[in-house]
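Asks: Have a look at the structure that comes next, please.
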Amino acid sequence: MTKRLITTIIKIIIIATIIQTICIPTSNALSSLGDVIGAGENFINDGKNQGAAINPTDLDSISDITYNVLLTLGVVATVIVGAVLGIKLMWGSVEQQSKAKEALPPFIISAIVIFGAFGIWKLCVMIFSQL
């Protein structure tokens, strides 16, 4: 690269950094030590009064939604990768077939990890919900 190109790139980086620094929104940080102590005391009082208690039904619904979304993404990814590998094995050239055969063990291991993780998650939710 030429020296002029390098200096242009450095100038662009510096200008982008300056613009980013200017455009960062202001912080909502507490302004004084009294505010920090007051916020801490409010947090402790909420915990003692159970003002912000966790609702188990909300936690269950969030867990179910997260589980279903991640499981669906895992199944879709596994099916797509498996289909691509299968197509390469059936209709690919010799080089593509050998690369697909090399990719099969990691694919199988990743599928086992994905579905095993979801099975363990569901098992833990069932066990801990009965406690």
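Asks: So, for the chain, what is the accessible surface per residue at a probe of 1.4 Å, expressed in square angstrom?
Replies: 83 Å²
Asks: Right, something else. Got a number for carbon plus sulfur as a percent of region 47-115's accessible area, 1.4 Å probe?
Replies: 71 percent
Asks: Another question, if that's okay. As an exercise, use a Förster radius of 41 Å and the Cβ-Cβ distance of Ile80 and Leu123 to find the FRET efficiency, rounded to the nearest 0.05.
Replies: With a Förster radius of 41 Å, E is 0.95.
Asks: Which shape class applies to the chain: rounded if a/c is under 1.5, otherwise prolate when a/b exceeds b/c and oblate if not, where a ≥ b ≥ c are the square roots of the Cα gyration tensor eigenvalues?
Replies: Taking the square roots of the gyration eigenvalues as a ≥ b ≥ c, the chain is oblate.
Asks: What length, rounded to one decimal in nm, is gained on full extension from Leu5 through to Ile19, with 0.36 nm per residue of separation minus their alpha-carbon distance?
Replies: Full extension from Leu5 to Ile19 adds 2.9 nm.
The values are calculated or read from the model by the stated rules, or taken from the named source; none is laboratory data. Keep in mind that this is a model prediction, so the values were computed, not measured. Methodologically, a virtual Cβ is constructed for each residue, glycine included, from the backbone with ideal geometry; neighbour enumeration extends over all protein chains shown. Just so you know, the surface numbers come from the protein's heavy atoms only, side chains and all, with ligands and any DNA or RNA stripped out. Shrake-Rupley method; radii C 1.70, N 1.55, O 1.52, S 1.80 Å.
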